[in-house]
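Report on one structure; see the data block that follows.
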Amino acid sequence: MSQAADAGAVVPARRTSKRWNQRTLAPWLFLAPGLFMFTVYVLWPIVQSITLSFYDWNGLYNADGDFTGTFVGARNYAELMTDPAFETSLWNNLKWLVLYMAALPIGLFIAIFLNQTVRGIRLYKSLFFFPFVISQVVVGLIFAWFYAPNFGLFYLLTETITGKGTAILANPDLVTYGIIAAGLWPQIAYVVILYLTGLNNVAPDQIEAARLDGAKGWRMLWYVVLPQLRPATFIAVIVTVIGALRSFDLVSIMTSGGPFGSSRVLSYYMYEMALGEFGFRMGYGAAIAVVLFAIMMIFISGFIWKMWRDETER
């Protein structure tokens, strides 16, 4: 009797252990392909870039296929501290980062305007979504023509108002702001899409309850709508920060870093140093990339920590 009871107790224990192992192992099996791709195509290149930033290398291997770089320690980073082109690029990236945040409030109010059930609203939505679906190259060309001297619409408009046209892309003091304006056009459209998705998930019962309590206008937006848009806001902030810090294509298309290098950003200066016509300084370019990655991680980590803290405090 006792032996049969012991055997019966062992079998459920084994079944429970087996089920627990399956539940523990199954998520990792599903995650394994994604983790493998992330490691190979994201983490490993990051490690390689950090390692390469401590070398002086022209990007070439010898006849035997051996690496020809020379270890220089932190010399590349020390040179960055005294490089005026790097300083200009860094300040331009900070301008991009600050001014790009305007996409959030503008996108939010456009999304609220579009989140209506009135006749013809789909046409308005398509007009606002249009900048998001076109290529950054096309955006750069459109704004390059828009700012062009003698025939550009912006040039002709400023000439009509002030009597003297303003060639933004030829002005070292204004060129960065002109490119940022071009970048904001599709970025606002992307933020609008994110907020429209968030507005569709706003609880209607909370809106009705707030209306019964007399809330409307700014109070309704601040105390009822915005708290429910936190996930959309979080994604919008992350995407906007990344877009501001990797602003390469518009700079390349519209000015190629000019005039006189005044519109360079870190990503474009990295390209010039590593792959440009007079560059081929792979280690120096990698050092710029590491600095850019560190700045990006500071902001993104801060936002992730804040969101995690807000979620745990609920």
Quiz prompt | Selection from the range 167-180 of residues that are surrounded by 23 or more Cβ atoms within 10 Å (Cβ to Cβ), closer than 16 Å to W145 by Cβ and out of contact with any Phe, Trp or Tyr (no Cβ under 7 Å at 6 or more places or on another chain) | solution = V175, I179
Exercise. Those residues that are of a type in the set (A, V, I, L, M, F, W, C) and in a helix (DSSP H, G or I), I need them from the range 200-230; list them, please.
Key: I207, A209, A210, L212, W218, M220, L221, W222, V224, V225, L226
Quiz item: In the range 141-174, how many are acidic (D, E) and closer than 17 Å to S262 by Cβ?
Solution: 1
Exercise. Scan the range 58-82 and report the pairs whose first residue is on the phi > 0 side of the Ramachandran plot and whose second residue is not in a loop (DSSP other than H, G, I, E, B), with Cβ atoms within less than 7 Å and a gap of 6+ or a chain change.
Key: G59/M282
Quiz item: Regarding F146, is this residue assigned to a helix (DSSP H, G or I), among the aromatic types (F, W, Y), over 16 Å from L250 (Cα atoms) and assigned by TED's automatic domain parsing to the domain that holds A232?
Solution: no
Quiz item: Can you pull out the residues in the range 281-294 that are out of contact with any Leu (no Cβ under 8 Å at 6 or more places or on another chain), over 9 Å from S53 (Cβ atoms) and in contact (Cβ under 8 Å) with a residue 60 or more places away in the chain?
Solution: R281, F293
Exercise. Only one of these is outside the structural domain of A181 (by TED's automatic domain parsing), of a type in the set (S, T, Y) and either modelled with pLDDT under 95 or in contact with a Ser or Thr (Cβ under 7 Å, 6 or more places away or on another chain) (or both): T24, T82. Name it.
Key: T24
Quiz prompt | Residue that is among the polar types (S, T, N, Q), within 27 Å of R309 (Cβ to Cβ), free of Cβ contacts under 8 Å to residues at least 60 places away in the same chain and in a helix (DSSP H, G or I), where the choices are T233, T197 | solution = T197
Self-check item: Breaking point among (1) within 24 Å of F132 (Cα to Cα); (2) surrounded by 20 or more Cβ atoms within 10 Å (Cβ to Cβ), for S256
Solution: (2)
Quiz item: Got a number for residues in the range 181-214 being surrounded by fewer than 18 Cβ atoms within 10 Å (Cβ to Cβ) and of a type in the set (G, A, S)?
Solution: 5
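The values are calculated or read from the model by the stated rules, or taken from the named source; none is laboratory data. From a predicted model like this one, the values you see are computed outputs, not experimental measurements. Glycine also receives a Cβ, built like all others from the backbone with ideal geometry; neighbour counts cover every protein chain displayed.
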